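Since the structure comes first, as structure tokens, the remarks are kept for the end.
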Amino acid sequence: MMDTSPRAIAFGLNRDGIPGPRGKTWGASTLHGNVQRGTGILNNELYIGRLVWNRLRYIKDPDTGKRVSR
């Protein structure tokens, strides 16, 4: 089996004209994401068949009024 970096995979998907998850281009971080937050396709437990509820929580910052992911 050949090891391919997320950057090379993203390049190949963009080269082949395959749209990304939001209809835009693919980036390496779309694939590998953030391990602590569980983002990115390679860290998403749904892709191995495990359904997880309430993985992220949003709280409103009283100073700015914006939602902050926790």
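The values are calculated or read from the model by the stated rules, or taken from the named source; none is laboratory data. Everything numeric in this text was worked out from a predicted model, so none of it was measured. All Cβ positions, glycine included, derive from the backbone under ideal geometry; neighbour counts span all protein chains shown. SASA here: full protein model, heavy atoms, side chains in, ligands and nucleic acids out. Shrake-Rupley method; radii C 1.70, N 1.55, O 1.52, S 1.80 Å.
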Dipole magnitude of the chain about its Cα centre, charges +1 at Lys/Arg Cβ and -1 at Asp/Glu Cβ only, in debye to the nearest 20? 320
Farthest toward the dipole's positive end in the stretch 6-69, which of V68, W53, P19, given Cβ charges of +1 (Lys, Arg) and -1 (Asp, Glu) about the Cα centre? V68
Just to check I understand the Karplus step: with θ = phi - 60° and J = 6.51 cos²θ - 1.76 cosθ + 1.60, what whole-Hz values come out for the stretch 40-45, glycine and proline as x? x, 4, 6, 9, 7, 5
Under the 7 Å Cα-to-Cβ spin-label approximation, R15 and V52 lie apart by a distance in nanometres of 3.2
Label-point separation in nm, R7 to D63, each point 7 Å along Cα→Cβ: 3.5
Spelling out what I want: for every residue of the stretch 20-34, take phi, set θ = phi - 60°, compute 6.51 cos²θ - 1.76 cosθ + 1.60 (Karplus), and round to whole Hz; glycine and proline get x. x, x, 10, x, 9, 7, 7, x, 4, 6, 5, 8, 8, x, 10
Degrees separating the helix 6-15 axis from the principal Cα axis of the chain, which is the longest one: 70
With all protein chains present, how much of the accessible area of the chain (probe radius 1.4 Å) comes from carbon and sulfur, to the nearest whole percent? 53
How high is the relative contact order of the chain? Use alpha-carbon pairs under 8 Å, at least six apart in sequence, and give a whole percent. 16
Rounded accessible area per residue of the stretch 6-69, 1.4 Å, Å²: 86
